[in-house]
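Step one of this worksheet: look at the structure below.
The values are calculated or read from the model by the stated rules, or taken from the named source; none is laboratory data. Since the structure is predicted, the reported quantities are computational estimates derived from the model, not experimental observations. Note that we place each Cβ from the backbone using ideal geometry, even for glycine, and neighbour counts take in every protein chain shown. When the accessible area is computed, the model is the full protein with side chains, heavy atoms only, and any ligands, DNA or RNA have been set aside. Shrake-Rupley method; radii C 1.70, N 1.55, O 1.52, S 1.80 Å.
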Number of protein chains: 2
Amino acid sequence: MKLDNTHQLIIENISRFIDLTELEKQKYISLLTEIKIDRKTFLMQAGDITKYEYFITKGCLKVYTLDENGTPHISMFAVEDYWTGDMASFITKEPSRYFIKATEDSELLGISRANYDLLFQQIPKFERFYRILYQRSLISYIRRANHGISLTAEERYIRFKKKYPKIVNRITQKDLAAYIGITPEFMSKIITKVNRR
Amino acid sequence: MKLDNTHQLIIENISRFIDLTELEKQKYISLLTEIKIDRKTFLMQAGDITKYEYFITKGCLKVYTLDENGTPHISMFAVEDYWTGDMASFITKEPSRYFIKATEDSELLGISRANYDLLFQQIPKFERFYRILYQRSLISYIRRANHGISLTAEERYIRFKKKYPKIVNRITQKDLAAYIGITPEFMSKIITKVNRR
DNA sequence: GAAAAAAAATGAACTAGTTTAAGATTTTTA
DNA sequence: TAAAAATCTTAAACTAGTTCATTTTTTTTC
């Protein structure tokens, strides 16, 4: 049986780390939920108990918290071929502190908590997939945590641009500022300064 | 067969997430290397290719990088019952950018890369253990990354003290500053200010 | 247990990043 | 396609955190 493009992408993503039989692929796909979401609408909001972990097949979303002043702090931008969600809430089933909002019309595949647990029972190989996926995410978050406390805002901007050249062009400067951890005004100054060179 | 205290601790740590038979415990323990290290000595240095992932059974270590000015930035403090190492170098087999130094005489159990790979072949259940371990680490690093860019140094200090009350008393103010991401001078000011209240 | 070394405290001058405010430009919506 | 809304730019005054220099206190070493 031939896979459609949407499922093709997620299967390729998984096949980078583990090998699946045709049967396992079908079984896995049957556990997924297809989700379409318009630009500027929420996939989830703070206070929700996270129902899904998501894989993005099309579009772009931002994952963020609001602090006590109402200032947003963006944790990640998720585009095609990325996984996202709020793992803490997904695992503990406690209310999330995160918002996830589409910055473009987007299409996602979601796996519910019940199906996630089922997946490990039915295809234990997925423990390995997630072990490797989380391991790699961990490496990049450890780096991000270190950069946040050791680099200047300008250095963080330059690295972001180098690491995610395609994402820079898809997001507003304001959102970039909320990711870098500075005000939009200072972001504007940095960009002017860096591009002047 | 009765386990000694050292192995007892690591088996209890693992048993929080997966169940092991006596045979599996013995098998696992046979893959570990016991390491003792004196205060102020290095477990590894930048440029090394990381040989092991470590579990601490006694003592305290700091994991840090040095920036181009020679300023240290501490990524984590590892004490009893913690796992540490440089995952990026361990996985990619590329030279590490981290130093790991004991701040107290310490005892560790190390698993080599070869044995780590062997472990998954011989006891596939360990994929699940590491999946859960990494998942939990990921949750706390995502939080740390967000705090680094959204909280003031004083707020980060207060949270560290609340989250790790035992560790605060085992480390120098200078090392705490390198973890929080500020100068020792400013750390001193914050502590004076917070304790005055 | 004295001397040396490291850590901590304090203060003054500085800089990276914030705040507030107002105008210019771009994007969205009807 | 015009009006409204959002984003971006610029600038002046401000604050969190740095730097550098000196002294005091604590820890380490012999």
Take segment A:110-159 and flag every residue that is farther than 30 Å from B:Asn69 by Cβ, at the interface with chain B (Cβ under 7 Å from one of its Cβ atoms) and among the hydroxyl-bearing types (Ser, Thr, Tyr). A:Tyr130, A:Tyr134
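Among the residues of segment A:113-136, is any part of a strand (DSSP E or B) and in contact (Cβ under 8 Å) with a residue 24 or more places away in the chain? So that I can check it myself, show each step before the final result.
Start the filter on segment A:113-136 by keeping residues that are part of a strand (DSSP E or B), which leaves none.
Checked segment A:113-136: no residue is part of a strand (DSSP E or B) and in contact (Cβ under 8 Å) with a residue 24 or more places away in the chain.
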Just one listed residue, out of A:Ile171, A:Ile190, is under 19 Å from the mean Cα position of the chain (by Cα), over 30 Å from B:Asp86 (Cβ atoms) and within 11 Å of DNA strand D (Cβ to nearest atom), and it is A:Ile171
Single residue of segment B:136-166 satisfying the filter (among the β-branched types (Val, Ile, Thr) and within 16 Å of DNA strand D (Cβ to nearest atom)) that is surrounded by the most Cβ atoms within 10 Å (Cβ to Cβ): B:Ile149
Can you tell me which residues in segment A:15-27 are in a helix (DSSP H, G or I) and either within 30 Å of A:Ile74 (Cβ to Cβ) or of a type in the set (S, T, N, Q) (or both)? A:Ser15, A:Gln26
Considering segment A:31-74, residues that are outside any strand (DSSP E or B) and among the polar types (S, T, N, Q), and then whichever is nearest to A:Arg144 (Cα to Cα), we arrive at A:Thr71
By residue number, the members of segment A:23-66 that are open to solvent by 40 Å² or more (accessible area, probe 1.4 Å), within 14 Å of chain B (Cβ to nearest Cβ) and either closer than 13 Å to A:Ile10 by Cα or within 15 Å of DNA strand D (Cβ to nearest atom) (or both) are A:Leu66
Within segment A:94-104, is even one residue open to solvent by 40 Å² or more (accessible area, probe 1.4 Å), within 11 Å of chain B (Cβ to nearest Cβ), over 17 Å from B:Glu127 (Cβ atoms) and not polar (S, T, N, Q)? yes
Identify all residues within segment A:176-197 that are more than 25 Å from B:His147 (Cβ to Cβ) and charged (D, E, K, R); write none if there are none. A:Lys193, A:Arg196, A:Arg197
